[in-house]
1. Which whole-angstrom value gives the distance between the alpha carbon centres of the range A:264-302 and the range A:1-48?
2. To two decimal places, what compactness ratio does the range A:248-305 give when its Cα radius of gyration is scaled by 2.2 N^0.38 Å?
3. Pop the C-beta distance of A:S164 and A:A99 into the FRET formula with R0 = 25 Å and round what comes out to the nearest 0.05.
4. Restricting to DSSP H runs of at least four residues, report the calculated mean residue ellipticity at 222 nm for chain A, -39500 (n - 2.57) per run over all residues, nearest 500 deg cm²/dmol.
5. Taking every DSSP beta bridge that has both residues in chain A, what percent is antiparallel when rounded to the nearest 5?
6. Note the per residue figure in Å³ for the convex hull of the C-alpha positions in the range A:237-365.
7. How would A:E75, A:E342, A:E3 line up by accessible area, probe 1.4 Å, largest first?
8. With a sphere of radius 14 Å drawn around the Cβ of A:V298, what net charge do the other residues whose Cβ falls strictly inside it have (Lys, Arg +1; Asp, Glu -1)?
Amino acid sequence: MKEQTFLEGFAVEDFQRDLIHWFEKEQRDLPWRKDNDPYKIWVSEIMLQQTKVDTVIPYFNKFIEQFPTLEALAEADEEEVLKAWEGLGYYSRIRNLHAAVKEVKEQYGGKVPDNPEQFSKLKGVGPYTTGAVLSIAYGIPEPAVDGNVMRVLSRIFLVWEDISKTGTRKLFEAIVRKIISKENPSYFNQALMELGALICAPRNPACLLCPVQAHCRAFHEGVQTELPVKTKKANVKQVAIAAAVLKDEHGKILIHKRDGAGLLANLWEFPNCEVIHSQENLERQLEKFLQEEYGAAVQLGNPFATLEHVFSHLVWNITVYDGKIIGDVAETEQLKLVDEQEIGLYAFPVSHQRIWQEYKKKETGG
DNA sequence: CAGACGTGGAT
DNA sequence: TATCCAAGTCT
């Protein structure tokens, strides 16, 4: 179906007015709405990808305090920047943002590009972020189609396409191009998302409070809870992991920096390996891994914790050992022996923060 | 185009 | 407890 099909008989200007008036009155007071600094808008949009507003707020405030300007972020050390993102997830976002900000500093004199062609070429900047930053920071009428917008518009226009399909977003972008306010694209885009967050919720939409109820075809037909159509994915893969908190004779802890690409890229972790044959010879496999990969001869203790950590696409079932390092380990950029007090200086994923918590609990508890 | 890529909160 | 979700992008 083409976008024209959905737009027949739709009162575009009334819709824009009702939507924007509602946003002017009801918008939340959020830290990235205090000014229109393109850099801050950009940071907020990256943080907000697949992440709740309540989760982002404290990270955003601290991040801007630490890196107040694009220049400051561009000049910061990678380790420092990664540490600021610790716990937020989807860590490629910060790697890409850091690279992109450096690019803007060097290629554009520190000014965030105000056209879609240049801005969307930057790392980590896709169609949504392009529209969001350019419309909010510069008032440029580009669509910013996220999950909220697809949900809201699927209901208003009775769109039955599956929003989990990659191509469906383009249909919504085409619709937005037809209905976006040219006078205030910033408020139009934000209002669509705000409406999705506050009124047009996934479950139990508050249609009786909706400022654009009169424009909503799903409400008119009483099918708002059946939209949007979204197919669910199959169960995630289970992965068995054996991990170890290892001390040398000076009481220093062995930590390892993960590869620069893939899962939890560049984050630090306690030595661990995937276990091939579930439950059989965990200890043996871990010892062999530590010897071959890190050149570390170890005396493992008994497992002191088993943790389950759920990702969006897999599950780690972690068995955690303590142990002693026998002899010396050659330290590298990726492999360090650190004091317990220094652990907090390194960026760890939540799964390994939990390992450390369990270890400390064991040490102090008995 | 699917699948990879994190985490914590709501129902 | 299980499932779904939240302002997506990259490969």
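The values are calculated or read from the model by the stated rules, or taken from the named source; none is laboratory data. Because the structure is a prediction, the values reported are computed rather than measured. Reconstructed Cβ throughout: ideal geometry from the backbone, glycine too, with neighbour counts over all protein chains shown. Each accessible area value is taken on the protein alone, full model and side chains, heavy atoms only, with ligands, DNA and RNA left out. Shrake-Rupley method; radii C 1.70, N 1.55, O 1.52, S 1.80 Å.
1. Cα centroid to Cα centroid, the span is 49 Å.
2. Values: Rg = 12.6 Å, N = 58, 2.2 N^0.38 = 10.3 Å.
The reported ratio for this selection is 1.23.
3. On the way: r = 29 Å, r/R0 = 1.16.
Using R0 = 25 Å, I get an efficiency of 0.30.
4. Details: 15 runs with 161 residues, N = 366.
Calculated mean residue ellipticity at 222 nm is -13000 deg cm²/dmol.
5. On the way: 21 of 33 bridges.
Antiparallel bridges make up about 65 percent of those DSSP assigns within chain A.
6. Working: hull volume 13.9 nm³, N = 129.
Here the figure is 108 Å³ per residue.
7. A:E75, A:E342, A:E3
8. On the way: positive: A:K247, A:K252, A:R284, A:K288, A:K324; negative: A:D248, A:E249, A:E283, A:E287, A:E292, A:E293, A:D322, A:D328.
Neighbour charge sum, excluding A:V298 itself: -3.
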